[in-house]
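Reading through the structure tokens given below for one structure.
The values are calculated or read from the model by the stated rules, or taken from the named source; none is laboratory data. Values in this document were obtained by computation on a predicted structure and should not be read as measured data. As a convention, Cβ positions derive from the backbone with ideal geometry for all residues, glycine included, and neighbour counts pool all protein chains shown.
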Amino acid sequence: MIKISHYLVKIIYVIAFLAILTYQCPDILENVCECVDTPIGLELNCSDNDGNLVVELLKTNKRNLGLIKKLILRNGRLKHIDDIFFENLYIKELDLSNNEITKIEKNAFKNMTSLLEELLLDNNKLEIIPSLPLTPLGNSLKKLSLSNNSISKIDEGDMLPLLTKLVDLNLANNNIENVHKSFFDNVKDTIQTINFGYNNFKSIPASAIRGFKQLVSLHFHKNQIIQLEPLSFM
């Protein structure tokens, strides 16, 4: 029994040591990222650098990163997010705000299935809802922010995919005038907060915002709505 106990203790020490190595901030990143170790993964702020080069550097050192709790890539001059752009990186929260993104390929987040919970795409140049790229995140994504883009309309083809955990959607500060009635159909069971503030609505898109089961906050402030039509929220 004593030998077995010693053996088990050694195994525990090895596992603990490997865990420390997994989440240790790699020295090679110190010139491009601010890195913080947390009990559940690394928090990396790699803003104000070339985003493409940063991602390549992260992928090259993926074995030393483990789980990335949060990756911030603001002001990275990113314009186009290619397929599997973040391949083999395990990211829980991703902030791509303040870039120049105009297009996201449909498989850009394919390897993040069941992992990515928060995606921030604020202050970019997107003109449409990136519905196809979001599809692989159906079982994980909880928060999606697309404020301050160039989205002007939400048509039938822009319908949100089935995102079974989505609770927070921010579409403020765009140029949206109307929303197709089916846009929210796949998320009406879970979504709790929707922000359409600072857009170009002249009336409430009543047919699109009916039937939510858990909605607690709906924002239409600073639009061009003069009066509410009867039954707008019924």
Exercise for the section: Please work out if K188 is outside any loop (DSSP other than H, G, I, E, B) and either in contact with a Gly (Cβ under 8 Å, 6 or more places away or on another chain) or at pLDDT below 95 (or both). Expected result: no
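Could you tell me how many of the residues in the range 44-86 are part of a helix (DSSP H, G or I) and either of a type outside the set (S, T, N, Q) or under 23 Å from P130 (Cβ atoms) (or both)? I'd like the intermediate steps shown before the answer.
At the first step, the residues of the range 44-86 found to be part of a helix (DSSP H, G or I) are 51-60, 62-64.
Adding the requirement that they be either of a type outside the set (S, T, N, Q) or under 23 Å from P130 (Cβ atoms) (or both) leaves 51-59, 62-63.
So the answer is 11.
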Practice task
Taking N124 as the residue in question, decide whether it is buried (at least 16 other Cβ atoms within 10 Å of the Cβ) and out of contact with any strand residue (DSSP E or B) (no Cβ under 6 Å at 6 or more places or on another chain).
Solution key: yes
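Being closer than 30 Å to T102 by Cβ and at pLDDT 85 or above, is that true of even one residue in the range 21-29?
Looking for residues that are closer than 30 Å to T102 by Cβ and at pLDDT 85 or above, one finds at least one in the range 21-29, hence yes.
A quick yes/no check of all residues on (1) crowded, with 17+ Cβ neighbours inside 10 Å; (2) out of contact with any strand residue (DSSP E or B) (no Cβ under 7 Å at 6 or more places or on another chain); (3) not assigned by the TED database to the domain that holds M112:
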| position | (1), (2), (3) |
| --- | --- |
| S47 | yes, no, no |
| D50 | no, yes, no |
| R63 | no, yes, no |
| G66 | yes, no, no |
| K70 | yes, no, no |
| L73 | yes, no, no |
| K79 | no, yes, no |
| F85 | yes, yes, no |
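Does Q227 fit the bill of being surrounded by fewer than 13 Cβ atoms within 10 Å (Cβ to Cβ) and in contact (Cβ under 8 Å) with a residue 24 or more places away in the chain?
Working: surrounded by fewer than 13 Cβ atoms within 10 Å (Cβ to Cβ): yes; in contact (Cβ under 8 Å) with a residue 24 or more places away in the chain: no.
In short, no.
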Problem - Residue tally, condition not hydroxyl-bearing (S, T, Y) and not in a loop (DSSP other than H, G, I, E, B), over the range 197-215 - result: 2
Handout entry: Sole exception among (1) part of a loop (DSSP other than H, G, I, E, B); (2) crowded, with 19+ Cβ neighbours inside 10 Å; (3) touching a Leu at 6+ places or on another chain (Cβ under 6 Å) for I194, by number
Key = (1)
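Mind counting the residues in the range 136-146 that are part of a loop (DSSP other than H, G, I, E, B), touching a Pro at 6+ places or on another chain (Cβ under 9 Å) and over 18 Å from R74 (Cα atoms)?
From the range 136-146, those part of a loop (DSSP other than H, G, I, E, B) are 138-142, 146; that's our starting set.
When the remaining residues are screened for being touching a Pro at 6+ places or on another chain (Cβ under 9 Å), the result is 138, 146.
Restricting the remaining residues to those that are over 18 Å from R74 (Cα atoms) gives 138.
Total satisfying the criteria: 1.
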Practice task
Quickly run through the range 94-106 and pick out the residues that are surrounded by fewer than 17 Cβ atoms within 10 Å (Cβ to Cβ) and out of contact with any helix residue (DSSP H, G or I) (no Cβ under 6 Å at 6 or more places or on another chain).
Solution key: E100, T102, K103, E105
Exercise for the section: Name the one entry in H180, H219 that is surrounded by 15 or more Cβ atoms within 10 Å (Cβ to Cβ), under 19 Å from I128 (Cα atoms) and in contact with a Gly (Cβ under 9 Å, 6 or more places away or on another chain). Expected result: H180
Handout entry: Matching residues in the range 110-135 - criterion: being over 21 Å from N49 (Cβ atoms) and in a loop (DSSP other than H, G, I, E, B)
Key = T113, S114, L115, L116, E117, L126, E127, I128, I129, P130
